[in-house]
Amino acid sequence: VQLVESGGGLVQPGKSLKLSCSASGFTFSSYGMHWIRQAPGKGLDWVAYISSSSGTVYADAVKGRFTISRDNAKNTLYLQLNSLKSEDTAIYYCARGRLGVAYWGQGTLVTVSS
Amino acid sequence: DIQLTQSPSTLPASLGERVTISCRASQSISNSLNWYQQKPDGTVKRLIYSTSTLESGVPSRFSGSGSGTDYSLSISSLESEDFAMYYCLQYATYPLTFGSGTKLEIK
């Protein structure tokens, strides 16, 4: 199982960013997928989940601002981040589901700052 | 939301020592609890799922137990590579929630 995130960077408050997670080593379409984040020096914080049939669930802190999606043909998971706030600054990890969270990627850093 | 209270936040220990980390849920989570290890480079690895099932490839010195609201992770004989951060996660209901973490450090 390999999960590789990309798309992080420095962005101004109020702006948008789209993260990607390229998956390999398993049948991507068969698994639910998560995004989890970790602010600098802080603990792990679950963000969003998309099922294999594309049903979605969000944490209250991001609901209405972030959108999780997937492209099974490309074996890729996405996270669209809109109306970004300074408190969204974190490393964003994608992870494969099944009995909670199983395999994790290495993460991509998103920094929200003017 | 289900709150997970993880303790201790810091655990000084010596090589070869046995240690235990606790995780208490604000309501019953029916054994839907995992344990994760995070290394300083950010790499996160699942050690145990469903309270007590060891992930493939994880050394047998790691074990998990618990039921209802109280769960624990034990390491029977610490090795150098075990000094890291540890987190519990409940997946009984959404939103998924993590414990606040335990830093296992060398005494």
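The values are calculated or read from the model by the stated rules, or taken from the named source; none is laboratory data. Just so you know, these numbers come straight off a predicted model, no measurement behind them. Here Cβ is always computed from backbone atoms with ideal geometry, including for glycine, and neighbour counts include all displayed protein chains.
Descriptive notes on the structure:
- Leading residue by the ranking (surrounded by the fewest Cβ atoms within 10 Å (Cβ to Cβ)) among those in segment A:95-114 that are assigned to a strand (DSSP E or B) and in contact with a helix residue (DSSP H, G or I) (Cβ under 8 Å, 6 or more places away or on another chain): A:Val112
- Failed item in (1) more than 11 Å from chain B (Cβ to nearest Cβ); (2) under 15 Å from A:Glu5 (Cα atoms), with A:Ala95 passing the rest: (1)
- Scanning segment B:85-102 for residues that are surrounded by 17 or more Cβ atoms within 10 Å (Cβ to Cβ) and in a loop (DSSP other than H, G, I, E, B) returns B:Tyr91, B:Pro95, B:Leu96, B:Gly99, B:Gly101.
- Residue list for segment B:75-84, filter: out of contact with any Leu (no Cβ under 8 Å at 6 or more places or on another chain) and part of a loop (DSSP other than H, G, I, E, B): B:Ser76, B:Ser77
- From the options A:Tyr58, A:Tyr31, residue that is in contact with a Pro (Cβ under 9 Å, 6 or more places away or on another chain) and farther than 17 Å from B:Gly42 by Cβ: A:Tyr58
- With respect to being within 13 Å of the chain's Cα centre (by Cα), polar (S, T, N, Q) and more than 11 Å from chain A (Cβ to nearest Cβ), B:Ser52 fits the description.
- Tally of residues being of a type in the set (A, V, I, L, M, F, W, C) and either in contact with a Phe, Trp or Tyr (Cβ under 8 Å, 6 or more places away or on another chain) or within 25 Å of A:Thr56 (Cα to Cα) (or both) across segment B:63-104: 8
- Tally, over segment A:43-92, of residues that are within 11 Å of chain B (Cβ to nearest Cβ) and acidic (Asp, Glu): 2
- With a requirement of 1 or more residues that are among the β-branched types (Val, Ile, Thr), surrounded by fewer than 22 Cβ atoms within 10 Å (Cβ to Cβ) and at pLDDT 95 or above, the strands (runs of 3 or more DSSP E) lying completely within segment A:1-72 that satisfy it span A:2-6, A:9-11, A:56-58, A:66-71.
- Residue in segment A:37-50 that is over 27 Å from B:Thr93 (Cβ atoms) and not hydrophobic (A, V, I, L, M, F, W, C) present: yes
- Candidates B:Leu73, B:Leu4: the one that is surrounded by 13 or more Cβ atoms within 10 Å (Cβ to Cβ), free of Cβ contacts under 8 Å to residues at least 60 places away in the same chain and aliphatic (A, V, I, L, M) is B:Leu73.
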